[in-house]
Each structure stands twice: as C-alpha cells, then as structure tokens.
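Scroll down for the structure; my scribbles are underneath it.
Where a number appears in this text, it was derived from the coordinates with a stated rule and is not lab data. Just so it is clear, the structure is predicted and the values come from calculations on it, not from any experiment. Cβ placement follows ideal geometry from the backbone for every residue including glycine, while neighbour counts extend to all protein chains displayed.
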Amino acid sequence: MIPLRAHAGRRVSVLSLGGAGLTAARALHAGGAEVTVWDSDEARRCEAEALGLTVEDLTTRDWSDLSALVVGDAGLLEEDPAPRLIDMAGALDAPLVTAEHLLCEGYSASDARFIAGLGRQAPAALDFAAHLLRETGQPVIGPEPPQRFRDPNPAAVLMAQCERAPAATPKAACLLDGAGAATDLRNLSQAVTGPLVLSADDPAVRRLSVSGIKRASLVSGRSALARGVFVAAGRLFDALDGRTQRVADLADAPGCAQGHPLALAAGYALARGLGLSIDDARAGVASYRGCPGHGAPLGQIGPLVLADWSKASDARSLVDALKRGQPSVWLAGPSVDPKLPALLEASSAAPSAVILTGDRRRARRKLARLCPVHVERDVTGAMAMAVHAALRAGPGAAIIFAPGGPCEPGLGDDLAQAMNSLMARATQGDAA
C-alpha cells in the first residue's frame with residue numbers, strides 16, 4: 001500500500017466505503033492520518049472495523065478539527081438531493097475531496113510511474129501498453145481503476161483508468177484518449193513530465209494539441225500522421241520522429257486484428273514514450289492476445305473470428321466496435337439498449353446481420369430497419385446462425401459479441417464453446 005501523507009497528523013473522515021473509499025481510508029491511515037469512516041451499509045462498516053479502522057457517524061460530533069471529508073463514491077456528489085453529510089460539508093465549508101482524486105495524487109507523488117488513461121478507448125489502450133512493457137520484463141500494475149491498487153510496487157508502472165484528469169500529476173506519464181475536455185488537457189500539459197498521448201481523431205483534442213501542447217504525441221486509428229502513431233489499411237505505423245516506419249501487419253497478430261485501431265495506436269505510443277524500442281514493440285505486437293472485453297478473440301473457425309466486445313458497456317462504445325470498416329455480424333444479448341438502433345443508423349455503423357440471443361420483439365423491429373435480424377434462444381443455434389451470416393457477408397467478416405445491455409453471466413464463454421464445437425464438427429465433416 002502506498003501511504004497517503006497529505007493529511008498526516010490530522011483528522012480525516014471517509015464517507016462511503018465501496019471500492020475507492022475503503023482503499024483511500026487504509027492509505028490515509030498508513031500515511032499517519034487520524035481516520036474515521038462511515039457507510040450506511042453495516043457489512044461495509046464491519047469490514048472496516050476488521051481492518052482496524054475507526055467507524056464513526058459524523059453527525060454525532062464536532063467538525064471543527066476535520067481536515068477533509070473524503071467521498072468514496074463520486075456519484076454521491078451528483079445525487080439530488082445530496083446525502084445529508086455532503087450537505088453538511090457544504091454548509092460548514094469543510095474540505096471535500098473524492099477518494100479517486102486523493103489516490104491519484106498519492107500515486108503521482110510516489111516513486112511509481114503513474115499512467116492515467118481517459119476516454120472510451122483508454123482501457124484497451126492501457127492493456128496493450130501494459131502487455132508491450134511486460135514483454136520486456138518491466139513490472140506493470142493494472143490497468144484498472146486506481147482504487148483497486150492494493151499493494152503497488154513503487155518500482156512498477158501503475159496504469160489506471162480515470163474518469164477525469166488528476167489535478168496534480170507531477171511524476172505521471174498520462175494518456176488522454178478521446179475525452180475532448182479542454183480543461184483536462186490544460187491540466188495534463190502543465191503537470192505531466194512523462195509522455196502525453198492525445199487522440200487526433202477527436203477534433204477538440206487535435207485543435208488544442210496543435211495550438212498549445214507541442215510536445216504531445218498524436219495518435220490516430222483512421223488517418224495517416226506526419227508525426228505520431230497511426231493505423232492505416234490494417235497496419236501499425238510509427239512516425240514519432242517524423243520518419244514513418246511500418247511496425248506490424250495487424251492481421252498477423254490475432255490479438256490486434258480485432259482491437260480498436262485508436263486503442264492500438266495509443267497503447268503503442270504510450271509504451272514507446274516509456275522507453276520501449278521499436279524492435280521490442282514488434283515482438284510484443286506479435287504475442288498480444290487482445291484486451292478481454294475490448295476486441296480479444298474468443299474463438300475462430302477458419303477466417304471467422306468471434307471478437308469479445310462484452311465490455312462495450314455504453315452505446316457509443318458498441319458503435320465503435322461495429323464501425324470498423326469491415327463486414328460484421330453482431331451477436332447481441334437478450335436485452336438491447338433502446339437507444340442503439342437510432343445511434344447505429346445515424347453513424348452508418350449497421351452490421352451485416354444481428355443475432356439476438358433472446359426474444360426481444362421491440363429491439364427486433366427497430367434493428368430490422370437496418371439489416372436482417374434473427375432470434376435464437378439456443379446458444380449453439382445463435383452461433384451457427386452467426387457463422388452462416390458472416391460467411392454470406394463476405395471476406396474478412398467478423399462476428400462481434402457485444403451484449404448491448406444486461407445479459408446473463410458466462411454468455412461469452414458459452415458462445416466461445418459453441419464456436420469451438422462447430423469447428424470440431426467442421427473438422428470431422430459433419431457440420432452443415
């Protein structure tokens with residue numbers, strides 16, 4: 001555990017112990033603060049007591065010696081009406097800070113190289129960068145939300161998915177990927193001493209990077225760059241020094257072939273900014289197996305690949321998965337976000353076919369305006385239908401598994417098993 005010493009010797013109270021709250025409380029305690037905690041959930045309070053933390057209801061005592069009120073769940077700040085303790089903090093002008101913000105500052109101030117990733121493609125970009133660095137023997141922790149770092153090695157590279165740019169990152173190397181927030185960019189450009197990777201595919205980010213952040217590395221998943229990293233025609237190019245070099249054909253690396261081009265370009269640029277050589281990067285690209293939930297292959301029959309986009313949790317991420325310039329068959333879950341059909345139509349990202357693994361008549365009617373839709377309740381039948389639709393879609397077609405809404409656990413594993421079963425049957429000559 002990297003201790004947080006910003007409040008050493010002073011009293012701090014942590015409200016809400018889910019995820020970041022409990023980790024921040026432990027780190028503050030390790031850093032010498034007098035920590036009290038509170039959560040409306042009795043089980044969480046018991047867990048905190050078992051870890052040696054003092055449980056105290058702030059409404060029962062004076063706040064005059066309170067150095068800060070740390071909010072473990074940032075969502076509480078946006079609730080209307082706000083929880084009583086947060087209202088009291090505002091009325092008493094008590095310092096209010098989120099646990100994630102506090103942890104980011106603590107990790108940034110440590111000896112660790114702290115990487116903050118922002119944007120929809122950040123998880124996949126950080127995963128790719130982490131793989132490239134690990135292949136050369138560098139210790140890497142993450143990528144994951146900063147509150148999940150339990151006992152980080154200070155010598156390691158810490159990779160965290162953040163909702164917003166940390167306010168103070170003096171030793172951090174940061175990645176901003178498609179977030180498009182001007183204030184975040186200004187904060188990062190002033191604070192970051194390591195590599196700063198920005199998406200040229202976001203118009204707002206590109207304008208700011210060209211006008212005011214000259215040292216940033218631009219990346220693109222859809223156009224060539226004179227200086228930066230880009231993916232074009234299925235190939236990864238490095239032009240960081242102004243001389244364009246082809247790094248790899250992504251079709252030769254199964255883990256990269258289904259990944260999002262912007263995420264691959266950003267992850268590669270980040271690893272290069274942390275000292276990775278081009279030769280080591282080429283070897284790492286070849287051995288990459290893909291980011292689970294963001295394009296990793298689950299199974300394959302000949303040229304057909306079942307790509308796992310199960311973590312494309314919001315509608316725009318799903319559109320990113322389907323809008324890749326190749327024919328695709330979308331394997332959807334039993335419940336589809338009602339906003340998706342209109343968003344797919346507006347973005348011209350309609351798949352060649354949709355296979356629904358559940359009987360959802362309303363979703364079927366809306367999606368049928370864009371492409372053929374089939375409903376298969378049986379997982380094996382759904383996979384067989386997807387393979388058939390992909391073969392009809394043409395060369396290079398991919399099968400994209402993205403639930404598009406809540407679905408039963410393990411559905412992706414069941415689909416992969418069904419695909420492997422079809423492959424075995426095809427090998428034996430008994431598959432139609």
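Quick one: if you stick a label point 7 Å off each Cα along the C-beta vector at residue 54 and residue 223, how many nm between them?
5.8
Could you pull out every residue, at least 5 positions away or on a different chain, whose amide H is within less than 5 Å of the one on residue 55? Hs are placed 1.01 Å off N in the peptide plane, and Pro or chain starts have none.
Counting only residues 5 or more places away or on other chains, the set is 37.
Mind checking region 235-304 for trypsin sites (Lys or Arg not before Pro) that DSSP puts in a loop (not H, G, I, E or B) and that have at most 13 other Cβ atoms within 10 Å?
Here the trypsin sites (Lys or Arg not before Pro) that fit, given the DSSP loop and packing criteria, are 243, 289.
Would you mind checking which residues have amide H under 5 Å from residue 331's amide H? H placed 1.01 Å from N; only 5 or more apart, or other chain.
For residue 331, the qualifying residues are 355, 400, 401, 402.
Any idea which of 36, 3, 15 is furthest toward the positive side of the dipole for region 1-58, if Lys and Arg beta-carbons carry +1 and Asp and Glu beta-carbons -1?
3
Taking a ≥ b ≥ c as the square roots of the eigenvalues of the Cα gyration tensor of region 265-338, is the shape rounded (a/c under 1.5), prolate (a/b larger than b/c) or oblate?
Prolate.
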